[in-house]
Amino acid sequence: AFNGTWKVDHSENYDKFMEQMGINVMKRKLAEHDNLKITIEQNGDNFHLKESSTFRTKDIDFTLGVQFDYTLADGTEVSGTWELEGEMLKGKFTRKDNSKVLTTTRSIVGGELVQTYNYEGVDAKRTFKKQ
Ligand code: MYR
């Protein structure tokens, strides 16, 4: 269900979320228009993602329930896992610099991919359309 190429369509409260993450206003302005595109290939518990945005292109491999390292577009390093709960992917990632936790989910809602984000009490959401 997650397989395919997904292009960001709109974001809600993403600026506030990034502000809570400690990202400065200039980077936030750029990130708001990052044209993020994610290609997802799921094979059982294994995922291969291609991320592309105005910041970078990146390949990501992870297995459900297995911890991996990831660097956010602003350089923040995190480590954590994705798990599947029902139809929803739930991610829990810990920042390496301050040990605080970022949680995120991905789910398909009405044919769109919805990703939610939470960090220190601030929620955001980005909606992606299938290409
Ligand atoms: C992935 O599945 O895409 C890789 C792991 C994702 C970890 C959490 C992503 C949160 C992104 C928040 C961006 C904050 C602004 C730089």
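The values are calculated or read from the model by the stated rules, or taken from the named source; none is laboratory data. Nothing here was measured: the structure is a model prediction, and the numbers come from that model. Cβ coordinates were reconstructed from backbone atoms using ideal geometry, including for glycine residues, and neighbour counts include every protein chain displayed. Ligands, DNA and RNA are stripped out before the accessible areas are found, and what is left, the full protein with its side chains, is counted by its heavy atoms. Shrake-Rupley method; radii C 1.70, N 1.55, O 1.52, S 1.80 Å.
Values computed for the structure shown
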| item | result |
| --- | --- |
| Lysine pairs meeting the criterion (Cα under 13 Å, 8 or more apart or interchain), as found in the stretch 4-130 | 13 |
| Given charges at Cβ of Lys, Arg, Asp, Glu: the chain dipole, positive-most of G75, L49, A1 | G75 |
| Near-label residues of the stretch 17-45 by backbone N, under 13 Å of a point 7 Å along Cα→Cβ of L84 | 41-45 |
| Per principal axis, descending, Cα span of the stretch 72-118 in whole Å | 37, 21, 13 |
| Solvent exposure of the chain as accessible area per residue, Å², 1.4 Å probe | 55 Å² |
| Accessible area of the stretch 1-93 belonging to carbon and sulfur atoms, whole % at 1.4 Å probe | 47 percent |
| Estimated distance in nm for a label pair at E32 and F68, the labels positioned 7 Å out from Cα along Cα-to-Cβ | 3.1 nm |
| Measure of compaction for the chain (Cα Rg per 2.2 N^0.38 Å) | 0.99 |
| Relative contact order for the stretch 4-130, counting Cα pairs under 8 Å that sit 6 or more residues apart, in percent | 25 percent |
